[in-house]
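Here is the structure we will look at.
The values are calculated or read from the model by the stated rules, or taken from the named source; none is laboratory data. No experiment lies behind these values; they were computed from the predicted model shown. With ideal geometry, Cβ positions are generated from the backbone for all residues, glycine too; neighbour counts draw on all protein chains shown. We work out accessible area using only protein heavy atoms, side chains counted, and drop any ligands, DNA or RNA first. Shrake-Rupley method; radii C 1.70, N 1.55, O 1.52, S 1.80 Å.
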Amino acid sequence: MDNRLNRWREIQSDIAHCNECCLRWPNHVAHPLSTSEIPNPPEFVKVLFVGVAPSRLEGDNRGTHFYSSPSDPLRRELFRLLAEQPFGLLLQGLNWRNAILQFHKSQCFFVHAAKVRPILKDAPPRQAIAFCAKRHLLTEIQSISPKTLCVISKSQVGP
């Protein structure tokens, strides 16, 4: 196994064992992503898509996210967008596993800025997102070294 993949797995383990956000914002976030929830990235990542966080615990999707649910709204919309020109990447209609494999073969990858699930709102508090992103997302980006970064959000999540 190469050093890059070892480093990726260390980062995912750190995320799974981190409870800082849950301790700092206990009424707003819970359940960090486990080590098996985000797959290994492709060897080369042309576009790294970054969403805000997994879905909220209370609601239609109950804490699922891009990689764990084929019906994830962000996943559906991103795959719809990627089918259009200039991308022409047809992922809709493929079974769950094949869609992700093709997404990765196209040198695309997806991660969340916040590695915890919001409890009642659609996103964690901005402070939690910023804290988690500085602690974990930055190391993921450095490990992946994508050519392009694309942040996806329904609303402004920055300061």
query: Pairing the Cα long axis of helix 3-17 with the longest principal axis of the chain, what angle in degrees results, from 0 to 90 and rounded to the nearest 10?
result: 40 degrees
message: If I fit a long axis through the Cα atoms of helix 96-105 and take the longest principal axis of the Cα atoms of the chain, what angle between them do I get, 0 to 90°, rounded to 10?
response: 70 degrees
message: Suppose only helical runs count, i.e. DSSP H with n ≥ 4. What mean residue ellipticity at 222 nm does that imply for the chain under -39500 (n - 2.57) per run, divided by all residues and rounded to the nearest 500 deg cm²/dmol?
response: -10000 deg cm²/dmol
message: I need the fraction of alpha carbon pairs in segment 1-43 separated by more than 14 Å, rounded to a whole percent.
response: 52 percent
query: In terms of Cα to Cα distance under 21 Å, which lysines are near enough to residue 46, apart from those fewer than 8 places away along the same chain?
result: 105, 147
message: For the chain, set up a GNM with springs between Cα atoms under 10 Å and report which of 81, 137, 57 has the largest fluctuation.
response: 81
- prompt: What residue among 87, 110, 49 has the largest mean-square fluctuation in a Gaussian network model of the chain, using Cα springs under 10 Å?
  reply: 87
Listed residues 19, 27, 40, most fluctuating in the chain (Gaussian network, C-alpha, under 10 Å): 27
statement: To the nearest 0.05, the calculated FRET efficiency linking residue 20 and residue 44 through their beta-carbon distance, R0 being 30 Å, is 0.45
- request: Place a +1 charge on the Cβ of each Lys and Arg in the chain and a -1 charge on the Cβ of each Asp and Glu, then give the dipole magnitude about the Cα centre in debye, rounded to the nearest 20.
  value: 160 debye
message: At 10 °C and a viscosity of 1.306 mPa s, what translational diffusion coefficient does Stokes-Einstein give for segment 50-106, taking Rh as the Kirkwood radius over Cα pairs? Give it in µm²/s as a whole number.
response: 133 µm²/s
field: Residue order for 96, 25, 8 - accessible surface, 1.4 angstrom probe, largest first
entry: 96, 25, 8
statement: Heavy-atom accessible area with a 1.4 angstrom probe orders 119, 144, most exposed first, as 119, 144
Cα-Cα separations in the chain greater than 19 Å, expressed as whole percent: 53 percent
